[in-house]
Amino acid sequence: MTVKQYLLDMIENGTVHFALIDPDKQTAEKAAEIAVKVKEAGTDAVMIGGSTGVTQENLDATAKAIKDATGLPVIYFPGGPNALSRHVDAIFFMSMVNSKDLNMVIGAQKYAALAIRDLGTEPISMGYIIVEPGMKVGEVGKADLIRRDDLEGAASYALACEYLGMSFVYLEAGSGADVPVPPEMIAAVKETISIPLIVGGGIRTPEAAEAARLAGADAIVTGTFLERCSDGSRLNTVIRSAKGI
Ligand code: 1GP
């Protein structure tokens, strides 16, 4: 079964949780330890990526360590075309649709497409929409940030992604954002599109995870919180709130 089909099947049964691990933030061994903990808490897949500092070496080592330790689907979440890995199960083949930089919209994708085909990595098409505050990814990606009150703007981009044939839409507030994507925006996008909606950025409390799920997120991504949380029961609570279990 493809990773895409696996994700779609899981989403049929309710909101799923993706753990985002940045290979630049810790050793591969430590990343694998985090992945084991989140798997026990109920995470459905691991995304590996970061806006800066991802190298061929730390990507390969982290992907392999996580895969060996957990067996969970490992999906590369690239910040650019500088590295690819044969140790991931799939790659989010994504376009930052509200970037002012054509390279983020289609240039990097054109650069990487043949290499991804030759590597045999499964591409999963995804429209990536950056919402205020946007953080590092908004800056690096030269995003024309969606204002937090611009529900129609977010919904319009998301529907355009669906009409372009993309498989997923990702509403991103930016890693480490002080506020996550507003639940009203999640709800407005969810009611506009029929493809699955991924939401992430700044989600680090059970309340925020639950609000995103109740607003209609099909997949909730947490990154920074997992890297920093040393309290196992809180980690469980956030992941379980994301999934509603
Ligand atoms: C970043 O949305 C993800 O792409 C995760 O954000 O690190 O704030 O959880 P956090």
Q: Search the range 5-60 for residues being within 14 Å of the ligand (Cβ to nearest atom) and among the β-branched types (Val, Ile, Thr), and hand back the single one that is surrounded by the fewest Cβ atoms within 10 Å (Cβ to Cβ).
A: Thr52
Q. Within 15 Å of the chain's Cα centre (by Cα) and not in a strand (DSSP E or B), is that true of Pro23?
A. yes
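Is it the case, given these coordinates, that Asp89 is within 16 Å of the ligand (Cβ to nearest atom) and among the acidic types (Asp, Glu)?
On the way: within 16 Å of the ligand (Cβ to nearest atom): no; among the acidic types (Asp, Glu): yes.
Answer is no for this residue.
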Q: Being more than 11 Å from the ligand (Cβ to nearest atom), at pLDDT 95 or above and hydroxyl-bearing (Ser, Thr, Tyr) is the filter here, so list the residues in the range 208-245 that pass it.
A: Thr237, Ser241
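Given Ile203, Ile186, Ile193, which one is in contact with a Ser or Thr (Cβ under 6 Å, 6 or more places away or on another chain) and within 20 Å of Asp149 (Cβ to Cβ)? Give the derivation first.
Details: Ile186 fails: in contact with a Ser or Thr (Cβ under 6 Å, 6 or more places away or on another chain); Ile193 fails: in contact with a Ser or Thr (Cβ under 6 Å, 6 or more places away or on another chain).
Checking each option against the conditions leaves just Ile203.
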**Q.** the range 125-147 - residue that is closer than 18 Å to Ala83 by Cα and crowded, with 20+ Cβ neighbours inside 10 Å and, of those, nearest to the ligand (Cβ to nearest atom)
**A.** Val137
Q. Counting only residues that are surrounded by fewer than 24 Cβ atoms within 10 Å (Cβ to Cβ), more than 21 Å from Met10 (Cβ to Cβ) and of a type in the set (A, V, I, L, M, F, W, C), which one in the range 170-207 is nearest to the ligand (Cβ to nearest atom)?
A. Ala177
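The values are calculated or read from the model by the stated rules, or taken from the named source; none is laboratory data. The structure displayed is predicted, hence computed values, not measured ones. Here the Cβ is made from the backbone with ideal geometry for all residues, glycine too, and neighbour counts use every protein chain on show.
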